[in-house]
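Chemist: Handing you this structure, nothing more for now.
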Ligand SMILES: [Zn+2]
Ligand SMILES: [Zn+2]
Ligand SMILES: [Zn+2]
Ligand SMILES: [Zn+2]
């Protein structure tokens with residue numbers, strides 16, 4: 001906000017750091033009689049940030065910006081809550097016993113300071129006061145995604161291109177171009193559902209990536225297989241697509257039509273909501289034909305874009 005603004009209350013970034021006077025008078029608010037010594041201007045309740053304010057809010061110990069709770073010693077030296085835990089109750093500046101004193105005035109300044117979203121480098125251009133920023137960041141569409149791989153808990157996060165490369169290189173996931181699929185799932189000992197089999201295939205179509213999950217698990221004590229699709233992107237974009245899955249054999253078939261779920265929804269969450277094609281094991285073995293000793297499922301499907 002400080003740069004490129006036409007608001008006459010703005011004070012140049014070069015303002016000396018020792019003039020930390022807050023200008024709160026109503027005369028400043030109407031923009032006519034601003035004292036040029038003030039380094040902070042209050043405009044409709046938000047503070048135009050300057051380097052002086054940032055310096056004021058810099059923790060003297062760790063040099064990070066301080067946010068509530070901000071602590072101070074009886075002599076007025078401030079420090080951030082992280083550092084307070086580390087200094088054994090003694091002010092790092094004057095060695096006085098610290099006690100439990102908050103610096104509410106500085107907390108108010110920190111709260112009203114407008115800050116860029118932490119995912120600015122990923123493309124978010126939003127600016128918020130402190131608490132609104134924290135709230136926004138939990139839901140920011142530029143926040144990194146978790147790895148969609150369902151196996152061992154993978155802690156890798158990133159944007160979609162990063163995760164696509166990660167799935168391919170680190171999880172050795174099959175990658176397919178196109179919007180139709182025809183997959184065979186074969187398992188020789190289908191009675192061991194406890195060792196849950198799962199498979200992930202990634203499809204690249206419509207310039208987007210989709211994860212096709214296939215797995216076995218126990219649903220209310222009875223073994224089932226489930227196939228579902230997740231969209232590598234946000235939920236509002238996922239809704240632009242539909243998909244169908246078909247599985248069958250022995251002149252019978254099951255058809256599922258659904259909407260891919262965003263990978264923002266965890267793999268387990270989608271599975272446990274049963275939002276996909278569910279095949280009970282008896283049915284699956286029936287589709288497989290033979291002597292029920294081997295699982296042989298052929299799942300076909302298609303992804304399309306809704307108009
Ligand atoms: Zn600190
Ligand atoms: Zn002190
Ligand atoms: Zn953001
Ligand atoms: Zn991973």
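Table: residues versus (1) under 26 Å from residue 156 (Cα atoms); (2) within 21 Å of the chain's Cα centre (by Cα); (3) without any contact (Cβ under 8 Å) to a residue 40 or more places away in the chain.
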| residue | (1), (2), (3) |
| --- | --- |
| 198 | yes, no, no |
| 215 | yes, no, no |
| 223 | no, no, no |
| 249 | no, no, no |
| 267 | yes, yes, no |
| 270 | yes, yes, no |
| 289 | no, no, no |
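Chemist: Sticking with this one: Go through the range 215-272 residue by residue and tally those that are surrounded by 20 or more Cβ atoms within 10 Å (Cβ to Cβ) and in a loop (DSSP other than H, G, I, E, B).
Modeler: The total comes to 4.
Chemist: Could I ask something else about it? Do we find that residue 42 is at pLDDT below 90, away from ligand 4 (no atom under 16 Å from the Cβ) and in a strand (DSSP E or B) in this structure?
Modeler: In short, yes.
Chemist: Can you spot a residue in the range 52-74 that is at pLDDT 90 or above and more than 16 Å from ligand 1 (Cβ to nearest atom)?
Modeler: Among the residues of the range 52-74, at least one is at pLDDT 90 or above and more than 16 Å from ligand 1 (Cβ to nearest atom), which makes the answer yes.
Chemist: Please specify each residue of the range 113-123 satisfying the condition of being in contact with a strand residue (DSSP E or B) (Cβ under 8 Å, 6 or more places away or on another chain) and under 17 Å from residue 145 (Cβ atoms).
Modeler: Within the range 113-123, 117 is the sole residue that qualifies.
Chemist: Could you tell me how many of the residues in the range 181-214 are within 18 Å of residue 267 (Cα to Cα), modelled with pLDDT of 90 or more and surrounded by fewer than 19 Cβ atoms within 10 Å (Cβ to Cβ)?
Modeler: So the answer is 1.
Chemist: Go through the residues of the range 138-157 one by one and say whether even a single one is in contact with a strand residue (DSSP E or B) (Cβ under 9 Å, 6 or more places away or on another chain), without any contact (Cβ under 8 Å) to a residue 12 or more places away in the chain, away from ligand 3 (no atom under 11 Å from the Cβ) and not assigned by TED's automatic domain parsing to the domain that holds residue 266.
Modeler: no
Chemist: Let me ask something else. Restricting attention to the range 124-148, which residues are loosely packed, with under 14 Cβ neighbours inside 10 Å and either closer than 30 Å to residue 171 by Cα or within 16 Å of ligand 4 (Cβ to nearest atom) (or both)?
Modeler: Listed by number, the residues that qualify are 138, 139.
Chemist: Okay, next question. Filter the range 102-111 down to residues that are surrounded by fewer than 17 Cβ atoms within 10 Å (Cβ to Cβ) and out of contact with any helix residue (DSSP H, G or I) (no Cβ under 6 Å at 6 or more places or on another chain), then give me how many there are.
Modeler: 4
Chemist: Checking the conditions here, which among 166, 176 is part of a strand (DSSP E or B), assigned by TED's automatic domain parsing to the domain that holds residue 245 and either farther than 16 Å from residue 213 by Cβ or without any contact (Cβ under 8 Å) to a residue 40 or more places away in the chain (or both)?
Modeler: 176
Chemist: Give me the pairs, please: first residue somewhere in the range 110-128 and within 16 Å of ligand 1 (Cβ to nearest atom), second residue anywhere and assigned to a loop (DSSP other than H, G, I, E, B), beta-carbon distance under 6 Å, and either six or more positions apart or on two chains.
Modeler: 110/57; 110/67
Chemist: At pLDDT 90 or above, away from ligand 4 (no atom under 16 Å from the Cβ), exposed (fewer than 12 other Cβ atoms within 10 Å of the Cβ) and not assigned by TED's automatic domain parsing to the domain that holds residue 219: does that describe residue 121?
Modeler: So residue 121 fits the description; yes.
The values are calculated or read from the model by the stated rules, or taken from the named source; none is laboratory data. These figures come from a predicted structure and were not determined experimentally. Quick reminder, even Gly has a Cβ in these numbers, built from the backbone with ideal geometry, and neighbours come from all protein chains shown.
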